[in-house]
Structure formats: structure tokens, C-alpha cells
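The values are calculated or read from the model by the stated rules, or taken from the named source; none is laboratory data. If you're wondering where the values come from, they're calculated on a predicted model, not measured in any experiment. Backbone-built Cβ (ideal geometry, glycine too); neighbour counts: all protein chains shown. Accessible surface is based on the protein model in full, side chains and every heavy atom, while ligands, DNA and RNA are left aside. Shrake-Rupley method; radii C 1.70, N 1.55, O 1.52, S 1.80 Å.
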Amino acid sequence: MQQDDTPESLLALDLNTVQSLQRVDAMTAVVRSLNDSRLQTRRPNLIPALSDAILRLGADSRSVQLADALKVIGAQITDDEDEDLSSVPPRAFRKDYIERKGLEKMNVRIAEGSRRFLEGLAWGVVISEVSQHPQEAQIGGIPSVVQRTRGFLNIRFKEGGKWHPDLTVF
């Protein structure tokens, strides 16, 4: 029986299945660790922990989308790739949000974080595709960014041993 994709059905929990109970248990464990870290006055890393818990239990499309949504939020909170979520102080954006003076700054943060996440996702596709088809990629040696990109293009745009006439890039 196919379940509808209405907002109500997406939020409803079917506690009769083992998988649903495992998901609830995994989320409960994350919340327990959040509470433990607060009691010990440590900063919790909630977003990555929730994302990992979701992906640990399954790789269905909804789980992957929810985990990716959490990763986008994490990318929007941090300034650059080297910054960790634990270094962002609690309620760091409260004043900007309440006063609405920093809306432009917040919009730039959201756009930059989303761009950073999507670039990372696209680069993951390039790496995955090249590693799955090394013969077609024809990289050789220690691959650089340019070589991996060229290998990705070799895989994607080669048709029947011939270059696609409109897509000769290198």
C-alpha cells in the first residue's frame, strides 16, 4: 500500500514497524547526548549527529533528503569550511533575527552556505563517478581538480567512443 505524500502523512509516525521504532530510538539517543553535553556544559554538535542518525538507519530518498537539509542548515551556520559547528556560540544570530537589521547579512549567509553545500555535493558526484569508471575517465597519476573534472567530462560526454560534437571542452 502506497502512503500519500501529504504533510500530515510525512509527520505521522507508524510505531508498529521495527524500522520506525529504530528511527525513534536513534533520535532519542541523539537528544540524550544533547542533554548530557548540556549538563556537562559542553557545546553539542546537534545537526551532524541528527544527520548521521538519520543516514545510519536507511538510505531511502526521504532519509537522504532530510539529512541533506540538515547539512544545508549546518553549512549556512558556519562561515567557511574549516569552521566547526561547535565554534558557533549559542544564539549567535538572535539579535539579527529579532531586530531584522541584519536581514541582508542573513540572506548572504544563507546563499553562501547553500552554495557551499551544493558545490560539495556536486564535487562528491564528480569524485564518485571518476572512481567508479577509472578506465573511461583516463586520469592517470595523482589526480588534481582539473584532471578529475576532465575525467568526469570524459565519462559523461563520450558517446560510443566519439566526442559529442557540441560538448568538446578540453
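Brief remarks on what is shown
- Number of residues in segment 32-65 that are open to solvent by 70 Å² or more (accessible area, probe 1.4 Å), closer than 24 Å to PHE117 by Cβ and among the polar types (S, T, N, Q) equals 2.
- Members of segment 27-48 found to be within 18 Å of LEU70 (Cα to Cα) and of a type outside the set (A, V, I, L, M), listed by number: THR28, SER33, ARG43, PRO44, ASN45, PRO48
- Selection count where residues are surrounded by 15 or more Cβ atoms within 10 Å (Cβ to Cβ) and assigned to a helix (DSSP H, G or I), scope segment 113-135: 6
- The residue that is modelled with the lowest pLDDT, among those in segment 1-26 that are in a loop (DSSP other than H, G, I, E, B) and closer than 19 Å to ALA67 by Cβ, is LEU13.
- Matching residues, segment 134-156, being over 16 Å from ALA122 (Cβ atoms) and either more than 24 Å from the chain's Cα centre (by Cα) or modelled with pLDDT under 80 (or both): PRO134, GLN135, GLU136, ALA137, GLN138, ILE139, GLY140, GLY141, ILE142, PRO143, GLN147, ASN154
- Evaluation of ALA29 against (1) assigned to a helix (DSSP H, G or I); (2) surrounded by fewer than 15 Cβ atoms within 10 Å (Cβ to Cβ); (3) free of Cβ contacts under 8 Å to residues at least 24 places away in the same chain (one fails), failing number: (3)
- Pairs meeting the criteria (first residue in segment 99-111 and more than 13 Å from ILE77 (Cβ to Cβ) and modelled with pLDDT under 80, second residue among the hydrophobic types (A, V, I, L, M, F, W, C) and outside any helix (DSSP H, G or I), beta carbons under 8 Å, at least 6 apart or on different chains) are GLY102/PHE93.
- Condition broken by GLU81, with the remaining ones in (1) under 29 Å from VAL24 (Cα atoms); (2) modelled with pLDDT under 80 satisfied: (1)
- Close pairs from segment 125-153: first among the hydroxyl-bearing types (Ser, Thr, Tyr), partner in a helix (DSSP H, G or I) and surrounded by 14 or more Cβ atoms within 10 Å (Cβ to Cβ), Cβ under 7 Å, at least 6 apart: THR149/VAL126
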